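Student: Below you will find the structure I want to go over with you.
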Amino acid sequence: MTPASIQLLAQYNAGMNQQMYTAAAQLPHAELVADRKAFFGSIIGTMNHLLVGDTIWLRRFAGHPAAYSTLAHLLEQPPVSGLTQSFGDDLPALLAHRRRLDALILDWSQQVTAEHLAQAFAYRNIKNEAFCKHFGSLVLHFFNHQTHHRGQISTLLFQAGVDVGVTDLPAWIPMMAEGSSQA
């Protein structure tokens, strides 16, 4: 992981989330909350879980020794109570929260340095179990978790007759001239 790759993944994350919510808006509320036998039940349930996961990890990242100014306010908020905590039961409520988190992730991605990524990072999970792991790898998990669950949502939407469109990361990687290099 590099600062540049984190910034790319933050942009990809925000763009794909917007694309996913735009696609979901094509369905009536009843379709979004219908139990589709997915791990988090419905499309809304899975979208909510993404918000929960992002909130949990961002609050943990706020405790990094780098003391990220963009995340500091998260330490003043109560921790997420569980993996199914609700951030709303309809698309507009979730979208408002999603946009706030994506803006926060974009801002935070600008503060992460290579030195931060190389450090060990101590945190506790929601069961209060202690861990100390490579921070860059945890950041990679943060973005991978989002992609994993967006893939589930994309499948659920497709099964409901809505195509999310292109979801591949290369669509977000800028073009370069042949033979050029980037630091």
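The values are calculated or read from the model by the stated rules, or taken from the named source; none is laboratory data. Because the structure is predicted, anything quoted here is derived from the model rather than measured. Cβ atoms come from the backbone with ideal geometry, glycine included; neighbour counts cover every protein chain shown. Protein only, heavy atoms only, side chains kept; ligands, DNA and RNA dropped before computing areas. Shrake-Rupley method; radii C 1.70, N 1.55, O 1.52, S 1.80 Å.
Student: Just the residues that are outside any helix (DSSP H, G or I), touching a residue at least 12 places away in the same chain (Cβ under 8 Å) and either within 15 Å of residue 142 (Cα to Cα) or open to solvent by 20 Å² or more (accessible area, probe 1.4 Å) (or both), please, taken from the range 44-69. First the steps, then the outcome.
Tutor: Within the range 44-69, the first condition is being outside any helix (DSSP H, G or I), and the residues that meet it are 62-69.
With touching a residue at least 12 places away in the same chain (Cβ under 8 Å) added as a condition, the list becomes 62-66, 68-69.
62, 63, 64, 65, 66, 69, listed by residue number.
Student: Touching a strand residue (DSSP E or B) at 6+ places or on another chain (Cβ under 8 Å) and either part of a helix (DSSP H, G or I) or closer than 26 Å to residue 47 by Cβ (or both), is that true of residue 104?
Tutor: Working: touching a strand residue (DSSP E or B) at 6+ places or on another chain (Cβ under 8 Å): no; either part of a helix (DSSP H, G or I) or closer than 26 Å to residue 47 by Cβ (or both): yes.
Criteria not met by residue 104.
Student: Restricting to the range 123-158, name every residue that is surrounded by 14 or more Cβ atoms within 10 Å (Cβ to Cβ), farther than 19 Å from residue 83 by Cβ and either small (Gly, Ala, Ser) or in contact with a strand residue (DSSP E or B) (Cβ under 7 Å, 6 or more places away or on another chain) (or both).
Tutor: Once the filter is applied, which keeps residues that are surrounded by 14 or more Cβ atoms within 10 Å (Cβ to Cβ), farther than 19 Å from residue 83 by Cβ and either small (Gly, Ala, Ser) or in contact with a strand residue (DSSP E or B) (Cβ under 7 Å, 6 or more places away or on another chain) (or both), the range 123-158 yields 134, 135, 136, 154.
Student: Anything in the range 148-164 that is farther than 14 Å from residue 36 by Cβ and either touching a residue at least 60 places away in the same chain (Cβ under 8 Å) or over 15 Å from the mean Cα position of the chain (by Cα) (or both)? List them, or say none.
Tutor: Within the range 148-164, 150, 163, 164 meet the criteria.
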